[in-house]
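S.K.: Let me begin by handing over the structure; questions about it come next.
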Amino acid sequence: MDLPPITNGFELVYKKPQTLTETPMHYCPGCGHGVVHRVLMEVIEEMGIQDRTIGVAPVGCSVFAYDYMNVDMQEAAHGRASAVATGIKRVLPDRFVYSYQGDGDLAAIGTAETIHTVNRGENILMVFINNGIYGMTGGQMAPTSILGMKTTTSPFGRDSKLAGHPLKITNLIAQLPGAFYVTRHAVHTANAVRKLKKAIHSSFEYQLLNKGTCFIEVLSNCPSGWKMTPAESNKWLEENMFPIYPLGDLKTPSQTMN
Amino acid sequence: MIRGKVLIAEEICKGCELCITACPQDSLALSEKINLKGYRFAVLVQDNCTGCVNCALVCPDAAITVYRQKKPAKGINPEIQVAV
Ligand SMILES: Cc1ncc(C[n+]2csc(CCOP(=O)(O)OP(=O)(O)O)c2C)c(N)n1
Ligand code: SF4
Ligand code: SF4
Ligand code: SF4
Ligand SMILES: [Mg+2]
């Protein structure tokens, strides 16, 4: 985007990172995917690692992440992003490698790849967008959907007898010795966005030091799938998802050293 | 008060209103007009923006650019500062 000349006495304090392409994103209005894409690309721009970073896109609403993220990208089959990222990092260990996946992708069809990638301590960053639903396919129940949550495949609300419990896969991941840094964030407020940015920054620094797997869960919204306005969806997220998936670090480097 | 300015990419904006919710100054609102996608877009409606960047941080479509008034260097008239 061409910026107009800066008015006298004013300086530029924020602009879209050049690590995001000019392609308008296809996401629904207010969708957290766009925010996470931007924050990830801001960190890559600020660290000056654009030409040394490779991302792996999932299947899900963010399947076109490679059109928006202006770094080398590889598309993976549904659920397999962390396995593909493993291969890329092993062949090109001097690159910064990350995977980007939704909850259906990472915690349903890709559960085995997810657990084993972290169990091997692959030196990558895994970004996990938990919106508690299959957004792309029309709002079906995900493993992370909370109890009572109405989706197209749980029209009366998720029932644990029928569909099990919300899968706290990030908590499971934190138990594995291969996990170096495991943390849960959100993008519903400006401060939450600032914290997520710091976590991504730290993760790439740990990757440079070959520390093992960094895993960042981002609790996100799906205004369309949840059938709410974006503002309502952020409120619903705070009131209903945060109690089950509390924000904060699940494993920090000091704990890893123990 | 530190003064700020925001520039909103009207054709990129999807009118999600998250920037409006995030603005501590109530500086933003939706336009009366619609853009080519058919959305009402965010516009600055009050001259009280502080350039805090909150709106830009929550925007899912990276539609917001933020400027902030430079702190005037001592002895220099801010009116004649040259933009970089
Ligand atoms: C092998 C295979 N099985 C099923 C599908 C259908 N499918 C596409 S996306 C998706 C789930 C998307 O949900 P999630 O990963 O949570 O991403 P979101 O859209 O919510 O961001 C499914 C089941 C597929 N594309 N390929
Ligand atoms: S369906 Fe949900 S996750 Fe997908 S783009 Fe729309 S709001 Fe985002
Ligand atoms: S920069 Fe801050 S004060 Fe200005 S419009 Fe954005 S949120 Fe409001
Ligand atoms: S947050 Fe971005 S897309 Fe949403 S209304 Fe504001 S400028 Fe438009
Ligand atoms: Mg999902």
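The values are calculated or read from the model by the stated rules, or taken from the named source; none is laboratory data. Note that this is a predicted model, so its numbers are computed, not measured. Because the Cβ atoms are built from the backbone with ideal geometry, glycine has one as well, and the counts that use them run over all protein chains shown. Quick note on the areas: whole protein, heavy atoms, side chains included, nothing else; ligands and nucleic acids left out. Shrake-Rupley method; radii C 1.70, N 1.55, O 1.52, S 1.80 Å.
S.K.: Between residue A:252 and residue A:78, what length comes free when the chain is fully extended (0.36 nm per residue of separation minus the Cα-Cα distance, one decimal in nm)?
M.R.: 59.7 nm
S.K.: Going down the list A:235/B:71; A:235/B:37; A:150/B:33; A:168/A:197; A:195/A:227; A:161/A:195, which pairs span over 32 Å between their C-alpha atoms?
M.R.: Details: A:235/B:71 37 Å; A:235/B:37 26 Å; A:150/B:33 35 Å; A:168/A:197 22 Å; A:195/A:227 28 Å; A:161/A:195 37 Å.
Exceeds cut-off: A:235/B:71; A:150/B:33; A:161/A:195.
S.K.: Using a Förster radius of 25 Å, what is the FRET efficiency between residue A:194 and residue A:64 based on their Cβ-Cβ separation? Nearest 0.05, please.
M.R.: E(calc), rounded to 0.05, equals 0.40.
S.K.: Excluding ligands, DNA and RNA, what is the accessible area buried between chains A and B, summed over both sides, using a 1.4 Å probe, to the nearest 100 Å²?
M.R.: Answer for the A-B pair: about 2900 Å² buried.
S.K.: Of the heavy-atom accessible surface of chain A (probe 1.4 angstrom), what whole percent is carbon and sulfur? List each step's numbers first, then the result.
M.R.: Values: 5930 of 10730 Å².
Roughly 55 percent of what the probe reaches on chain A is carbon or sulfur.
S.K.: Among the aspartates and glutamates, select those whose C-alpha is under 17 Å from the C-alpha of residue A:251, and discard any that sit fewer than 8 residues away in the same chain.
M.R.: Cross-link targets: A:122, A:205, A:217.
S.K.: Measure off 7 Å from each Cα along the Cα-to-Cβ vector at residue A:21 and residue B:3, then give the distance between these two points in nanometres to one decimal.
M.R.: Going from the residue A:21 label point to the residue B:3 one covers 4.0 nm.
S.K.: Going 7 Å from the Cα of residue A:235 toward and past its Cβ, which residues in segment A:25-39 have a backbone nitrogen under 20 Å from where you end up?
M.R.: A:29-32
S.K.: Compute the accessible area per residue over segment B:4-83, keeping the other protein chains in place, probe 1.4 Å, unit Å².
M.R.: 52 Å²
S.K.: Could you sort the residues of segment B:43-61 by number and keep only those whose accessible area is reduced by 50 Å² or more in the all-protein-chain setting relative to the chain alone, 1.4 Å probe?
M.R.: For segment B:43-61, once contacts with the other chains are taken into account, B:57, B:58, B:60 lose 50 Å² or more.
S.K.: While we're here: For segment A:7-51, which residues drop by 50 square angstrom or more in accessible area between the chain on its own and all protein chains together (1.4 Å probe)?
M.R.: SASA drop of 50 Å² or more in segment A:7-51: A:8, A:9, A:10, A:11, A:13, A:14, A:25, A:29, A:38.
S.K.: Using label points projected 7 Å from each Cα along Cα→Cβ, tell me how many nm separate residue B:29 and residue A:112, to one decimal.
M.R.: 5.7 nm
S.K.: Between segment B:1-67 and segment A:124-189, what is the C-alpha centre distance in whole Å?
M.R.: When both Cα centres are located, 31 Å separates them.
S.K.: Per residue, how much accessible area does chain A show when a 1.4 Å probe rolls over the protein heavy atoms, in square angstrom?
M.R.: I get 42 Å² per residue for this part.
S.K.: How much length, in nm to one decimal, is gained on full extension between residue A:152 and residue A:210, taken as 0.36 nm per residue of separation minus their Cα-Cα distance?
M.R.: Contour length minus the Cα-Cα distance gives 16.6 nm.
S.K.: Using only DSSP helix segments of four residues or longer, with each worth -39500 (n - 2.57), what per-residue ellipticity at 222 nm results for chain A after dividing by its residue count and rounding to 500?
M.R.: -9000 deg cm²/dmol
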